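The values are calculated or read from the model by the stated rules, or taken from the named source; none is laboratory data. Everything numeric here is computed off the predicted structure, so don't read it as measured data. Don't worry about glycine lacking a Cβ; one is built from the backbone with ideal geometry, like all the others, and counts go over all protein chains shown.
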Amino acid sequence: MIDGIYPANSEQGVPAEGIDFFRHDLGEAELDAVREVLNGPILTTGEQVARFERRFADYLSRKHSVGVTSCTGALHLSLAALGVGPGDEVITTALTFIATATAILQAGATPVLADVEADTGNLDAGAVKAAITPRTRAIIPVHLYGQMCDMKALQAIASAHDLKLIEDAAHCVEGRRDGVRPGELSDTACFSFYATKALTSGEGGAVVTDDDGLAERLRLMRSHGMNKTANDRFQEGYKHWDMPIFGWKYNMDNISAALLLPQLDRINANHAKRLALAEAYVRELSDIKQLSIPARRPDVRHAAHLFTIQVDPADRDPLLDHLRSRRISAMVNYRAIHLMQYFRAHLGFEPGMFPVAERIGDSTLSLPFYPNMPIQQVGAVAAAVREYFGK
Ligand SMILES: Cc1ncc(COP(=O)(O)O)c(C=O)c1O
């Protein structure tokens, strides 16, 4: 569709093909970058991955970034490389994508959930403190929707109790809070390059850290614990390799890195576009008293990954249906994870344990939001929401 041009019969500005929740902006630059990989000898982890890792670490002003196949893998590897495992408890938020907690299970540790701040949905530092036991080994805050948690408070708790701090920054490449960026106050920050993320290779992820030894362990552990890679064999010829430590198969490949590299040139421009869309949503929706928008803390540069609103739980699913009937695609990020069947059955969670996360999980919906979304469509989405509330 051409930006801003709607078919004559469109309904309140909704184009005939509807309004997508997300569309990637990958194009010629990415095709050229992938072509370069296909013209070379190494499809797996090699030169493009190293280039991406250097540029991503530089973007975040961190010493190291390690490319992996997902944020879930990044979280799992971070825990394992920091020595967190069976018998250990890891505190995280009840309001996140399940992967934050399943990565803890994959490491053999036990997820301990804590409730969230009512106005932002981010992990509540007070609730984290209250959840600490003698078995606690780590905290994983999640920068929900792109707004960073209070990392200064969480780092103070972690250092007072000798806990590891791992950021789930899947939503927060561009964020900053109180002058602090992801990876700055933690052991590692983990990123996702999943299909709908700010940087995407369809599937992918990265760990950033300032710790040289940890970066080295992460590099070994993402590739079976092997001390030579396929690229080393290509560059130096075959040399016997060994397996000094245990590892998994999480290494990023050159095709994924090639898709990511050109996106780093657009990262600030795309972020600015999303911020402008978020501002437009706030403006357009501000007169609808039946909804609220998560608070933004002062001194926050919001990464603006998702744009969410909250409505009365009785209205949430009917509003989703109404938007669908108007060909507008909306989602839910997220229903509280302690209510998921598996966690209830295996970790003993019950409804009511994390009431704030539960209430937000029952009231939230995510509206269409991606950098090249025509700004006029924000008005069309707002009009459909207003129509639902009979205004
Ligand atoms: C908050 C959060 N954590 C972790 C993940 C997992 O990321 P990936 O799909 O790259 O494993 C996601 C993905 O959507 C996420 O939103």
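Would you confirm, using the coordinates I've provided, whether Glu184 is of a type in the set (Asp, Glu), part of a loop (DSSP other than H, G, I, E, B) and either away from the ligand (no atom under 16 Å from the Cβ) or surrounded by fewer than 17 Cβ atoms within 10 Å (Cβ to Cβ) (or both)? Yes: the conditions hold for Glu184. Taking each residue of the stretch 125-150 that is free of Cβ contacts under 8 Å to residues at least 60 places away in the same chain and surrounded by fewer than 19 Cβ atoms within 10 Å (Cβ to Cβ) and looking for partners that are assigned to a helix (DSSP H, G or I) and aliphatic (A, V, I, L, M) with beta-carbon atoms closer than 7 Å, six or more apart or interchain, yields Lys129/Ile157. When you look at Ala357, is it touching an Asp or Glu at 6+ places or on another chain (Cβ under 9 Å), closer than 18 Å to Ile19 by Cβ and assigned to a helix (DSSP H, G or I), yes or no? No, not satisfied. Within the stretch 278-296, the residues that satisfy the criterion of being more than 19 Å from the chain's Cα centre (by Cα) and not small (Gly, Ala, Ser) are Glu279, Tyr281, Val282, Arg283, Glu284, Leu285, Asp287, Ile288, Lys289, Gln290, Leu291, Ile293.
If you go through the stretch 193-214 and keep only what is farther than 15 Å from Val49 by Cα, touching a helix residue (DSSP H, G or I) at 6+ places or on another chain (Cβ under 9 Å) and not in a loop (DSSP other than H, G, I, E, B), you end up with Thr209, Leu214. Residues in the stretch 234-245 include none that are more than 16 Å from the ligand (Cβ to nearest atom), in contact (Cβ under 8 Å) with a residue 60 or more places away in the chain and in contact with a helix residue (DSSP H, G or I) (Cβ under 8 Å, 6 or more places away or on another chain). Among the conditions (1) within 17 Å of the chain's Cα centre (by Cα); (2) crowded, with 21+ Cβ neighbours inside 10 Å; (3) more than 16 Å from the ligand (Cβ to nearest atom), Leu60 misses just one, which is (2). Does Gly225 count as more than 16 Å from the ligand (Cβ to nearest atom), assigned by TED's automatic domain parsing to the domain that holds Gly46, surrounded by fewer than 21 Cβ atoms within 10 Å (Cβ to Cβ) and part of a helix (DSSP H, G or I)? No: the conditions fail for Gly225.
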